[in-house]
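K.L.:
Quick one: this structure, given as structure tokens, is what I'll be asking you about.
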Amino acid sequence: MTMSPSVPDPDRLPPARFALDRWAWREVAYLLANLPIAVLGFVYAVLVVAVGAGLSVTVIGLPLLVGGLQGGRLLGRVERWRARRMLGVRVEEPSPLARGHQGQGVFVRLWAGLKDPVGWRALLYGFVRLPWGVLTFGVTLAGLFVLWPVLPFITRGLTTVDRAMARGLLSPSDELERRIAELESDRGVVVDTAAADLRRIERDLHDGAQARLVALAMGLGLAKEKLTDDPEAAARMVDEAHGEIKVALQELRDLARGIHPAVLTDRGLDAALSAIASRCTVPVKVSVGLRGRPAEAIEGIAYFTVSELLQNISKHSGARSATVDVWRSADRLVLQVTDDGGGGARMGGGTGLAGLAERLDAVDGVFVLDSPEGGPTTVTAELPWRDRASARPAA
């Protein structure tokens, strides 16, 4: 699958040029700052190791070493921030030190702190950076005055080594830790999405069905009072209340359909997607090639993703036709929505595409937008396939 040309790759930097553009100046500033920061990191690493190891035979030695490793984590965070802001390199934040050893004794907690791989690699980074900082400072300073015609190429070569060092020593220590960091980030997206959905449901209930039911109760109360004195007026009020009941029931049905449509639960994606396609203002051809049904959560996300994309087509695309294709590829559920509109769709712009991408990313999904100017627009989404749990027999 190819990424859309409209979506920049955060790991791909612009090529080095003879002209000193903003990227070249950022790299120059980064390399010149290497020396003072490398001196501070080297001194800190040597002091932590020397003092901690020298006093390890005493009571305070090991706690000092553990505290020094925590300080090394802070230095690593500063260096990751500097690399992101000035070099454009994406280095994931490692997970924090596990807190599962609380209440298990002082020595158990100390041993867990001493085994912290993130802190040790941060100290190693500070130790090895001193000779490299001296070299990069000297070469960059000389390049500013002597080799300035090729300075962008020199800085690009030097910062490439910096990027490799930052990724190698300051990134999460292994795939498991990297995965933990990603899940912690995704958990925040899921919580925010659930909170937004809850607020939407509360708002719809308060402004819609609840207001109608309150008006209905007041109308029936007035009709009860007039039942003896003015039966005809009471009958008219009861008729009006009957109409209000129908409207309130329809609003409740629409709200329930927005939470989880009954047709999706009963008949699956094929029928549910055909139903929302029939309500689209653009003719939509739906093709679902699934032999089985995925897990309910995955099926629901797929349904609402297609529903949001079809709403965007109705509102923004100017298309004459659209297609929805759904199939399974190995352990992935793939959705592809295409329209022949004017194109030019972007992840921002109030179309909700960025929110869809975040929701899919939170469940290990992928969202790819390809929408050149003039069209067509193709949105491809992937979700992890999980088999639907079989219903348990009644006891």
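K.L.:
Evaluate Rg over Rh across segment 262-395, taking Cα atoms for both radii and Kirkwood's formula for Rh. It would help to have the intermediate numbers written out before the result.
P.N.:
Values: Rg = 15.1 Å, Rh = 15.2 Å.
We get a ratio of 0.99 for segment 262-395.
K.L.:
Cα-based Rg (one decimal) and Dmax (whole number) for segment 274-345, in Å?
P.N.:
12.5, 35
K.L.:
Just how large is the dipole of segment 265-386 about the Cα centre, in debye to the nearest 20, putting +1 at every Lys and Arg Cβ and -1 at every Asp and Glu Cβ?
P.N.:
For this selection, approximately 300 debye.
K.L.:
Could you name the lysines in cross-link range of Lys315, using Cα to Cα under 24 Å and dropping any fewer than eight places away on the same chain?
P.N.:
Counting by Cα, and skipping residues close in sequence, Lys315 has these lysines nearby: Lys285.
K.L.:
With unit charges on the beta carbon (Lys/Arg positive, Asp/Glu negative), name the residue among Val286, Ala302, Ser371 whose Cα is farthest towards the positive pole of the charge dipole of segment 265-386.
P.N.:
Ranked along the dipole, the leading option is Val286.
K.L.:
Arrange the residues Thr305, Thr323 by how much accessible surface each exposes, largest first, with a 1.4 angstrom probe.
P.N.:
Thr323, Thr305
K.L.:
Multiply the residue gap between Ala233 and Ser329 by 0.36 nm, knock off their C-alpha separation, and tell me the result in nm, one decimal place.
P.N.:
Difference between extended and current length: 28.1 nm.
K.L.:
Using Cα positions and a limit of under 24 Å, work out the lysines in reach of Lys226, with same-chain residues fewer than 8 apart set aside.
P.N.:
Once the sequence-local lysines are set aside, what remains near Lys226 is Lys246.
K.L.:
Loop only by DSSP, 16 or fewer other Cβ within 10 Å of the Cβ. Give me the trypsin sites (Lys or Arg not before Pro) in segment 299-338 that pass, ordered by residue number.
P.N.:
Those satisfying the criteria are Arg320.
K.L.:
Hey, can you rank 288-294, 84-90 by average C-beta count inside 10 Å, highest first?
P.N.:
84-90, 288-294
K.L.:
How large is the accessible surface per residue of segment 265-386, computed with a 1.4 Å probe and reported in Å² as a whole number?
P.N.:
I get 47 Å² per residue for this part.
K.L.:
Can you figure out the FRET efficiency of Val134 with Trp111, using R₀ = 45 Å and their beta-carbon distance, to the nearest 0.05?
P.N.:
Numbers: r = 36 Å, r/R0 = 0.81.
It comes to 0.80.
K.L.:
Which FRET efficiency value, to the nearest 0.05, do you get for Leu32 and Met165 by plugging their Cβ-Cβ distance into 1/(1 + (r/R0)^6) with R0 = 22 Å?
P.N.:
Taking R0 as 22 Å, the efficiency between Leu32 and Met165 is 0.85.
The values are calculated or read from the model by the stated rules, or taken from the named source; none is laboratory data. Because the structure is a prediction, the values reported are computed rather than measured. Cβ atoms come from the backbone with ideal geometry, glycine included; neighbour counts cover every protein chain shown. Side chains included, ligands, DNA and RNA excluded: accessible areas come from the protein's heavy atoms. Shrake-Rupley method; radii C 1.70, N 1.55, O 1.52, S 1.80 Å.
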